[in-house]
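Notes to accompany the following structure.
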Amino acid sequence: MSITTALPTKFILPDLVSHCDFKLRINRHHKQATAESKRWLFRGDNLTQKSRKAIHGLKAGQLTSMCYPDAGFSQLRVCCDFMNYLFHLDNLSDDMDKAGTKNIANVVLNSLHHPYDYYSPARLNRMTKDFYKRMLPTASRGTSRRFIETMDFFFQAVHVQANDRAKGVVPDLESYISLRRDTSGCKPCWALIEYANNLDIPDEVMEHPIIQNLGEAANDLVTWSNDIFSYNVEQSKGDTHNMISVVMHQECLDIQCAVDFVGELCKQSIDRFNENRERIPSWGSKIDKDVAIYVGGLANWIVGSLHWSFDTTRYFQNSGREVKRTRVVDLFPRGN
């Protein structure tokens, strides 16, 4: 007599919102910046009705406004444009092979390095130069350099991801974590914290181990929680570049145990952030004030991304509010 094990039909999310006690705020310019940024994204693109609906449901402007709550209008608008652009890049790279990701990287990085000279017929050339030229007048030299460097890291990691996808490779957890810190796109968003708040923090301060650890802890929380929230959609498409899939494969766990495992790592990353925040050294009153604003910006990203994940239709379609309340996720069928 054979015993068949029923496949799981749902899983329970970890309660990350309660574990995070940072105050959630939203920028007072969010409605205007969101509307203008969507118009900017739609300009010159023959998007289908379905694509436009997905962009409206994405609510990238809401995410940006919660992550940069104190930015002035012009800075918030640049950040909104970049957020819409980053999700656009993410969607493009999901469907790209290695050659495709390399071509996109060449256009974007050349546009950033030579915003006044480089020309390509690709729409990404116009989009990249447009938001970056608005960023340059008030961004410090260090901020601009960090922004371009981390965009380069992003494309290098996306290229590796495309390679793994083509070969059907599921990386081990350590390799995945290292790669995911760059595929997340969080690092250029950290440079935008400096830009959005008119900060000019010396390189040696930004490179201090405690400041680096804070950035890494915030990146890990945003990224790993995103893997939990996006797992349902990704598993339905057969995409294995997700921490839940990696843990299931490496540790031979079922979905719920893998979700609990990654959820615990998320909670530890918030704890790690708080522990490092208590250990920030002093560099004098002016720099200390700027550092406090920057670290507060990382905290805004942690709390903002957690709440936004249930408001966007990207992960839970139109049931995010109910999922936030019950934490129960009904699994989509494969090929959804």
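The values are calculated or read from the model by the stated rules, or taken from the named source; none is laboratory data. Bear in mind that the values here come from a model prediction, so they are computed numbers and not experimental data. As a convention, Cβ positions derive from the backbone with ideal geometry for all residues, glycine included, and neighbour counts pool all protein chains shown. To get the accessible areas, we keep the full protein, side chains included, count just its heavy atoms, and leave off ligands, DNA and RNA. Shrake-Rupley method; radii C 1.70, N 1.55, O 1.52, S 1.80 Å.
Here are the numbers for this structure:
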quantity: Net +/- balance of residues flanking M83 in space, Cβ distance below 12 Å, scoring K and R +1, D and E -1; calculated: +1
quantity: Inter-label distance, nm, simple model (7 Å from Cα along the C-beta direction), R327/R134; calculated: 4.0 nm
quantity: Carbon and sulfur %, accessible surface of segment 21-82 computed with the full protein complex present, 1.4 Å; calculated: 50 percent
quantity: Spatial separation of Cα centroids for segment 11-66 and segment 146-205, in angstrom; calculated: 21 Å
quantity: Sequence-separation-based contact order of the chain, relative, with Cα cut under 8 Å and 6+ spacing, percent; calculated: 27 percent
quantity: Size of charge dipole - segment 225-306 - debye, nearest 20, with Cβ of Lys, Arg +1 and Asp, Glu -1, no other charges; calculated: 440 debye
quantity: Chain lengthening between R123 and K10 when straightened (0.36 nm per residue, less Cα-Cα); calculated: 36.6 nm
quantity: GNM top mover of S225, S65, S282 - the chain, alpha-carbon springs below 10 Å; calculated: S282
quantity: Listed residues Y116, Y176, Y231, most fluctuating in the chain (Gaussian network, C-alpha, under 10 Å); calculated: Y116
quantity: Estimated inter-spin distance, T48 and Y116, nm [label 7 Å along Cα→Cβ]; calculated: 4.2 nm
quantity: Sulfur and carbon atoms: percent of accessible area, segment 144-282 [1.4 Å]; calculated: 48 percent
quantity: Potential extension, N318-N213 segment - 0.36 nm per residue separation minus Cα distance; calculated: 34.3 nm
quantity: Loop sites in segment 253-292: trypsin sites (Lys or Arg not before Pro), DSSP, at most 11 other Cβ within 10 Å; calculated: R279
quantity: Extended-chain gain in nm, criterion 0.36 nm per residue less alpha-carbon gap, S18 and A292; calculated: 96.3 nm
quantity: Accessible surface, the chain, averaged per residue in Å² (probe 1.4 Å); calculated: 48 Å²
quantity: Dipole in debye (nearest 20) - the chain, about Cα centre, beta carbon charges: Lys, Arg +1; Asp, Glu -1; calculated: 1520 debye
quantity: Highest average packing first - 160-172, 184-196, 129-141, Cβ atoms within 10 Å; calculated: 184-196, 129-141, 160-172
quantity: Pairwise FRET efficiency - C257 versus W283, Cβ, R0 = 45 Å, nearest 0.05; calculated: 0.55
quantity: F73 accessible area, 1.4 Å probe, all protein chains in place, Å² to nearest 10; calculated: 60 Å²
quantity: Residue-level accessible surface for H19, protein heavy atoms, 1.4 Å, Å²; calculated: 70 Å²
